[in-house]
Amino acid sequence: MRKLIGERIIPTLGGDVLSSLSDAAPLPAIAGELAMTTDSFVVSPLFFPGGDIGSLAVNGTVNDLAVSGARPLYLTLSLILEEGLPISVLDRVLQSVAAAAVGGGVQVVAGDTKVVPRGAADGLFINTTGVGQLSKPIVAGPTALGEGDELIVSGPIGRHGMAVLCAREQLALEPPPTSDSAPLATAAEALRERLGPRLRAMRDATRGGVAAVLHEWAEACGLTMSIRDHDVPVSADVRGACELLGLDPLHVANEGTMVVAVEPGSGQAALEVLHALPGTAGATLIGQVTLRQLAPVTIQRTLGSEQPLDEPLGAMLPRIC
């Protein structure tokens, strides 16, 4: 284990703090309040178009901090390796972790490595904990949503879930859907700086997709999230795959796309911020918050009347993160 850590993990991830191999990472003082999040990643397969379990673990943790209004700073990384995992696979994942950490502006400062018997971990599992510094003003969150607030999605939806599903089931779609796995920290910080208190809430639309976020927000504020189907951005490859499989893109997971709520009249300013950044250039205004109607979340279909948008139920797309 010492050889594995010393020859492969430390040289790839680098950093003076991690290299000290202390039982706990000594970190400098941070002014202000902190935010902390933890997550586990068990995606199958380990590699998929647009990413892998390594970049996914970093981006997922960075994004949880970013949409909470925090600037990501530090990351822990725990690896659970299945007996027999090829060293080449581990090297590839570690290189992906290192690149994603640079892209997300975080430093890996501590970690752990365990080996479990063959068949117990499906190759490789990763657990992370992220620490960030909360920025002022702190984002109010969904309980502060009010009538007329505008709802934005930062880019085409459903890409990650469909990329993983097609890779796992070896669906020969051309072109294959590509994951949107990417850090959202820059976009979230830019929105905070431009909008200040006019920024109501942010949430990365992971498991359950955009629909799950909207239902959570509706429950938190007691209002209805009303969206328009023709304004929801969906790439042609994802739309085609969803139609083939009978899935709604609004229910499919994302890993680099967020839902944003801003006060009335601030949607255009938010779009200007997002359109100026490469990762969110496809952001669109998809609806608004209204008084409670027939359902917590409604959708105006292109050729029909407004109807309820159901909350995702069950596990249509397991093992996507």
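Where a number appears in this text, it was derived from the coordinates with a stated rule and is not lab data. Since we're looking at a predicted model, the values are computed, not measured. Note that we place each Cβ from the backbone using ideal geometry, even for glycine, and neighbour counts take in every protein chain shown.
Here is how the numbers come out for the structure above:
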{"quantity": "Nitroxide proxy distance, nm - points 7 Å out along Cα→Cβ at residue 301 and residue 129", "calculated": "4.8"}
{"quantity": "Neighbour-count order for 230, 160, 275, 251, fewest beta carbons within 10 angstrom listed first", "calculated": "230, 275, 251, 160"}
{"quantity": "Folded to 0 to 90 degrees: helix 53-66 orientation relative to the chain principal axis, Cα", "calculated": "50"}
{"quantity": "Segment 2-134: relative contact order as a whole-number percent, Cα under 8 Å and 6+ apart", "calculated": "40"}
{"quantity": "14 Å tail of the calculated P(r), segment 1-52, as % of Cα pairs", "calculated": "73"}
{"quantity": "Semi-axes of the equivalent ellipsoid for segment 129-235, Cα gyration tensor, largest first, Å", "calculated": "28, 18, 13"}
{"quantity": "Beta bridge orientation in the chain: antiparallel %, DSSP, nearest 5", "calculated": "75"}
{"quantity": "Net charge of neighbours whose Cβ lies under 15 Å from the Cβ of residue 53, counting Lys and Arg as +1 and Asp and Glu as -1", "calculated": "-3"}
{"quantity": "Using a Förster distance of 35 Å, the FRET efficiency for residue 143-residue 122 (Cβ separation, nearest 0.05)", "calculated": "0.40"}
{"quantity": "Mean separation of Cα contacts under 8 Å (6+ apart) over length of segment 142-308, as relative contact order %", "calculated": "42"}
{"quantity": "In degrees, nearest ten, helix 236-245 long axis to first principal axis of the chain (Cα)", "calculated": "90"}
{"quantity": "Relative contact order of the chain, pairs being alpha-carbon contacts under 8 Å that are 6 or more residues apart, as %", "calculated": "23"}
{"quantity": "Whole-Å distance, taken between Cα centres, linking segment 189-237 and segment 142-164", "calculated": "3"}
{"quantity": "Distance histogram in 5 Å bins (all Cα pairs of segment 164-321, percent per bin)", "calculated": "2, 8, 17, 21, 20, 16, 10, 4, 1, 0"}
{"quantity": "Cβ-defined net charge surrounding residue 233, 15 Å radius [Lys, Arg +1; Asp, Glu -1]", "calculated": "-2"}
{"quantity": "Stretch gain in nm, segment residue 88-residue 115, where the contour uses 0.36 nm per residue and the Cα spacing is subtracted", "calculated": "8.1 nm"}
{"quantity": "Dipole moment magnitude, nearest 20 debye, the chain about Cα centre, only Lys, Arg, Asp, Glu C-beta charged", "calculated": "440"}
{"quantity": "Average silhouette area of the chain, convex hull of alpha-carbon atoms, in square nanometres", "calculated": "16.8"}
{"quantity": "Between 0 and 90°, nearest 10: helix 87-104 axis offset from the chain longest Cα axis", "calculated": "50"}
